[in-house]
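Participant: The structure follows.
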Amino acid sequence: MSWRHGDLCRGRGRRRVIRTRLAEAQVALMLLTRLPAGRIAGAAPGMGASAWAWPLAGLVVGLIAAAAHGVAWAAGCDPLIAGLLAVAAAVLATGALHEDGLGDVADGFGGGRDRDAKLAIMRDSRVGSYGVIALILALGLKAAALAQLGAEAAGPLVAAAMASRAVMPVLLVALPPARGDGLGRGAAAVGRGRAAL
């Protein structure tokens, strides 16, 4: 009789772990994409708890970009157009989250004289000339690189999307947050164990 009770407890424990991991994956999708991820039953896990799933969110974004590239390529689009469509699909899937950050960093470092000025510029929601130039160069280089890869772009697209999100928890553990009230501070709860995953 006791072995059955133990099996039941282990079964409930496994289901709880699975529900927790699914909720963490949902948080990762909610944080890193604009894709519908459903509602989380109960208390939502924190950003740090979802860090292991950030590469999975990258997988989803990479697959969307690869699909857009593949459709454009199959339709006979010019390689640069196919690359631009793949980049656009990734930007739409993420809500331009990373592009917004790149623009902020370029504006801050381009226009700020000291640390406080740089952080103030980065917090400003307006995009300056350094941000615009950085975005044009980054998006153009991505599209040009995909054009060079041609029909073989799908694998590198997915791998890059996953790898870039896998590095994020490591950087959050290794580097101090710039501000005490920013997104980096909230994600600082990643911990070394999760970053190593």
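Participant: Can you tell me which residues in the stretch 41-65 are of a type in the set (A, V, I, L, M), within 21 Å of Ala144 (Cα to Cα) and surrounded by 22 or more Cβ atoms within 10 Å (Cβ to Cβ)? First the steps, then the outcome.
Facilitator: Kept after step one, since they are of a type in the set (A, V, I, L, M), are these residues of the stretch 41-65: 41, 43-44, 47, 49, 51, 53, 56-57, 59-61, 63-65.
Then keep just the ones that are within 21 Å of Ala144 (Cα to Cα); that gives 61, 63-65.
Once the filter is applied, which keeps residues that are of a type in the set (A, V, I, L, M), within 21 Å of Ala144 (Cα to Cα) and surrounded by 22 or more Cβ atoms within 10 Å (Cβ to Cβ), the stretch 41-65 yields Val61, Ala65.
Participant: Hey, another quick one. Residue under question is Arg113, and the condition is that it be farther than 28 Å from Asp78 by Cα, in contact (Cβ under 8 Å) with a residue 24 or more places away in the chain and basic (Lys, Arg); does it hold?
Facilitator: No, not satisfied.
Participant: Separate question: Suppose we keep only residues that are within 23 Å of the chain's Cα centre (by Cα) and of a type in the set (A, V, I, L, M, F, W, C) within the stretch 94-120. Which one would you say is nearest to Arg179 (Cα to Cα)?
Facilitator: Going through the qualifying residues, I end up with Leu119.
Participant: Separate question: Tell me, yes or no, whether the stretch 145-159 has at least one residue that is in contact with a helix residue (DSSP H, G or I) (Cβ under 9 Å, 6 or more places away or on another chain) and among the charged types (D, E, K, R). Full working, then the answer.
Facilitator: Quick first cut of the stretch 145-159, residues in contact with a helix residue (DSSP H, G or I) (Cβ under 9 Å, 6 or more places away or on another chain) only: 145-151, 153-159.
Still in the running and among the charged types (D, E, K, R): none.
Scanning the stretch 145-159, I find no residue that is in contact with a helix residue (DSSP H, G or I) (Cβ under 9 Å, 6 or more places away or on another chain) and among the charged types (D, E, K, R), so the answer is no.
Participant: Another one. Write out, first by first residue and then by second, each pair whose Cβ atoms fall under 6 Å of each other, whose residues are 6+ apart or on separate chains, and whose first residue, in the stretch 28-40, is without any contact (Cβ under 8 Å) to a residue 12 or more places away in the chain while the second is in a loop (DSSP other than H, G, I, E, B).
Facilitator: Going by the 6 Å Cβ cut-off, the qualifying pairs are Met30/Ala37.
Participant: Scanning the stretch 111-134 for residues that are part of a helix (DSSP H, G or I) and touching an Asp or Glu at 6+ places or on another chain (Cβ under 6 Å), which turns out surrounded by the most Cβ atoms within 10 Å (Cβ to Cβ)?
Facilitator: Result: Gly131.
Participant: Take the conditions in contact with a Leu (Cβ under 8 Å, 6 or more places away or on another chain) and among the hydrophobic types (A, V, I, L, M, F, W, C) and apply them to Ala89. Does it pass? Working first, answer last.
Facilitator: Working: in contact with a Leu (Cβ under 8 Å, 6 or more places away or on another chain): no; among the hydrophobic types (A, V, I, L, M, F, W, C): yes.
So Ala89 fails the test.
Participant: Filter the stretch 73-86 for residues that are in a helix (DSSP H, G or I), among the small types (Gly, Ala, Ser) and surrounded by fewer than 22 Cβ atoms within 10 Å (Cβ to Cβ) and give the result.
Facilitator: Residue satisfying the conditions is Ala74 alone.
Participant: Name the residue, out of Leu59, Leu22, Leu97, Leu92, that is free of Cβ contacts under 8 Å to residues at least 60 places away in the same chain, out of contact with any strand residue (DSSP E or B) (no Cβ under 8 Å at 6 or more places or on another chain) and closer than 21 Å to Ala160 by Cβ.
Facilitator: Leu92
Participant: Residues that are in a helix (DSSP H, G or I) and within 28 Å of Gly131 (Cβ to Cβ): does the stretch 32-44 have at least one?
Facilitator: Within the stretch 32-44 (the criterion being in a helix (DSSP H, G or I) and within 28 Å of Gly131 (Cβ to Cβ)), the answer is yes, since at least one residue qualifies.
Participant: Would you mention how many residues in the stretch 150-169 are of a type outside the set (Gly, Ala, Ser) and either crowded, with 17+ Cβ neighbours inside 10 Å or in contact (Cβ under 8 Å) with a residue 40 or more places away in the chain (or both)?
Facilitator: Qualifying residue count for the region: 6.
Here is a yes/no grid of residues against (1) in contact with a strand residue (DSSP E or B) (Cβ under 6 Å, 6 or more places away or on another chain); (2) among the basic types (Lys, Arg); (3) closer than 25 Å to Ala88 by Cβ; (4) outside any helix (DSSP H, G or I):
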site	(1), (2), (3), (4)
Phe109	no, no, no, no
Lys142	no, yes, yes, no
Ala159	no, no, yes, no
Arg179	no, yes, no, yes
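Participant: Would you tally the residues in the stretch 5-40 being at pLDDT below 90 and buried (at least 20 other Cβ atoms within 10 Å of the Cβ)?
Facilitator: Counting residues in the stretch 5-40 that are at pLDDT below 90 and buried (at least 20 other Cβ atoms within 10 Å of the Cβ) gives 0.
The values are calculated or read from the model by the stated rules, or taken from the named source; none is laboratory data. Because the structure is predicted, anything quoted here is derived from the model rather than measured. Virtual Cβ from ideal backbone geometry, glycine too; neighbours counted across all protein chains shown.
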